[in-house]
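Working notes for the structure below.
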Amino acid sequence: MATRLLVIGPDGRQVAIAVDMAAAAGAAVRRVSDVAAALASLRAGRGADLVFVDLAADVRALIQGLRAERFILPVVAYGIDAAPADAVAAIRAGARDFLPLPPEAELIAALLAAASAPTRELVSASPEMARVLELARQFAPADASVLITGESGTGKEMIARFLHAHSRRAEAPFVSLNCAAIPENLLESELFGHEKGAFTGAVARRIGKFEEASGGTLLLDEVTEMDPRLQAKLLRAVQEREIDRVGGSKPVKIDIRLIATSNREMEAAVAEGRFREDLYFRLNVLTLQLPALRERPADIEPLARHFAEKHALANAKPVPRLEPAAVERLRAHAWRGNVRELENCLHRAVLLAQGDTITAGDIVLHGSTESGARQPGSDATAPVEAGVETGVGRSLAAVERDLIIDTLRHTMGNRTHAATILGISIRTLRNKLKQYGDDGVTVPASGAALGAQG
Ligand SMILES: Nc1ncnc2c1ncn2[C@@H]1O[C@H](COP(=O)(O)OP(=O)(O)OP(=O)(O)O)[C@@H](O)[C@H]1O
Ligand SMILES: [Mg+2]
């Protein structure tokens with residue numbers, strides 16, 4: 001599926017050029033004139049993967065509106081011949097990045113690529129994974145519900161997208177919702193939508209995920225997190241193929257394929273009465289069990305090479321080779337965070353590597369069980385080579401601040417990369433930078449760095 005880009009702002013020549021570039025790079029572009037129209041479009045179930053918003057629009061109102069209605073989307077602000085202060089203000093308001101106009105095609109392509117994570121290539125080299133994929137191919141054409149189980153980070157969403165891509169619904173939307181991430185009282189409206197005035201705060205009709213996925217596939221993550229009342233409604237949706245919007249007066253027909261995931265023992269939830277058995281049987285018509293990464297060691301090296309290549313390309317660096325000692329270190333690790341942990345590790349290694357080789361010292365592992373395997377002489381736990389003073393007598397906050405700022409310098413102001421190296425979320429990084437800014441500390445600018453990276 002093409003990356004869906006929502007562009008918010010008045011018409012203009014420069015924006016038109018940017019939109020053409022995005023379309024040429026494969027994006028499906030929708031344009032609206034202001035923030036209210038953007039929110040209305042999202043409520044109507046016309047989803048987006050990325051938002052570009054004119055500095056002239058109310059960026060803060062947009063970010064707050066998205067947050068209040070739980071539309072989780074990266075926002076990039078743009079401006080024509082904008083002053084650096086405008087870019088900084090947009091980032092402060094919560095924009096992830098800044099796009100200076102006149103636009104550069106490469107920068108637009110990079111922003112789209114970063115937002116189109118779903119189309120990532122699935123790597124599989126182990127016999128364990130081959131068996132899972134063979135089953136998935138058999139299951140894909142059917143409309144029956146599939147339950148995907150596996151530890152966190154094993155690739156459950158990846159397999160769900162694989163099923164969708166190999167089904168007759170491939171051209172229709174793939175929509176996912178993590179039930180554990182939504183407050184209980186809002187989950188029903190998130191799933192089934194609501195009518196205007198259904199409850200305090202329901203300012204307009206909003207389409208739910210079931211309707212947004214119409215004709216396609218709906219992935220429900222962590223279904224065991226649903227309360228019993230909602231489980232009953234989900235059962236009805238699965239059985240009757242119709243749903244009720246919150247506050248709605250008549251049921252709405254739905255045509256979706258449902259995929260559910262669980263990284264806990266679902267049987268246990270059923271046995272303990274926390275999860276309805278009839279719903280369990282409805283969701284679990286077909287099952288795919290994803291093995292943990294440590295149970296398919298033959299995948300570790302090919303995945304590592306794949307991620308090294310992917311992140312090198314994304315950072316305009318030469319694709320590095322992996323020193324044998326680095327591969328050994330990867331093989332010896334327990335990978336409790338599975339493929340996600342491996343990807344983060346390689347992302348960091350690519351940024352840390354000097355020249356065209358990833359050495360054992362570039363492989364930074366957390367909570368490892370492989371202390372014996374550490375390479376002598378390599379300081380594997382040092383996050384960056386930068387000289388941060390960690391001497392006794394300084395407060396933790398001061399050391400943290402210096403480390404963060406040094407890391408940002410190292411990434412030339414790129415916050416996404418800095419957060420990855422530091423092992424914290426973008427949100428945490430942003431909050432800390434805001435704090436430092438408020439404290440009067442100079443922080444490497446991110447708008448400038450983006451321009452420099454092209
Ligand atoms: N076989 C694979 N090939 C390439 N990348 C993979 C593979 N499996 C997982 N990944 C990558 O690892 C990360 C985690 O995968 P995914 O989100 O599918 O896991 P998950 O099981 O849904 O995790 P969670 O339980 O936390 O929701 C993603 O960035 C995904 O692209
Ligand atoms: Mg997932």
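One table, with the values for the structure above:
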item	result
Local net charge near Asp86, Cβ-Cβ under 15 Å (Lys/Arg +1, Asp/Glu -1)	-2
Heavy-atom accessible area per residue - segment 4-117, 1.4 Å, Å²	44
Net +/- balance of residues flanking Ala204 in space, Cβ distance below 13 Å, scoring K and R +1, D and E -1	+3
Percent accessible area from carbon and sulfur atoms, the chain, protein chains only, probe 1.4 Å	51
Relative contact order of the chain, pairs being alpha-carbon contacts under 8 Å that are 6 or more residues apart, as %	13
Peptides 418-427, 271-280, 2-11 ordered by average Cβ neighbours within 10 Å, highest first	2-11, 418-427, 271-280
The chain - Rg over Rh from alpha carbon coordinates, Kirkwood radius	0.97
Surface per residue (accessible, 1.4 Å probe) for segment 127-291, Å²	46
Packing rank of 180-189, 332-341, where each peptide gets the mean count of other beta carbons within 10 Å, highest leading	332-341, 180-189
Estimated vicinal HN-Hα couplings, Hz - segment 315-324 in sequence order (Karplus 6.51, -1.76, 1.60; Gly, Pro = x)	9, 6, 10, x, 5, x, 8, 9, 4, x
Quotient of C-alpha Rg and 2.2 N^0.38 Å, computed over segment 4-117	0.95
Within segment 292-309, backbone nitrogen closer than 14 Å to the virtual label 7 Å beyond the Cα of Ala334 toward Cβ	293-295
Mean Cα-pair separation over length for segment 243-370, i.e. relative contact order, pairs under 8 Å, 6 or more apart, %	20
Hits among lysines - C-alpha to C-alpha of Lys253 under 30 Å, sequence gap 8 or more where chains match	Lys156, Lys196, Lys209, Lys233
³J(HN,Hα) computed for each position of segment 23-32 - Karplus, 6.51 cos²θ - 1.76 cosθ + 1.60, integer Hz, glycine/proline x	5, 5, 7, x, 7, 9, 9, 10, 10, 9
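The values are calculated or read from the model by the stated rules, or taken from the named source; none is laboratory data. Everything numeric in this text was worked out from a predicted model, so none of it was measured. We place every Cβ from the backbone using ideal geometry, glycine too, and count neighbours over all the protein chains shown. Accessible surface is based on the protein model in full, side chains and every heavy atom, while ligands, DNA and RNA are left aside. Shrake-Rupley method; radii C 1.70, N 1.55, O 1.52, S 1.80 Å.
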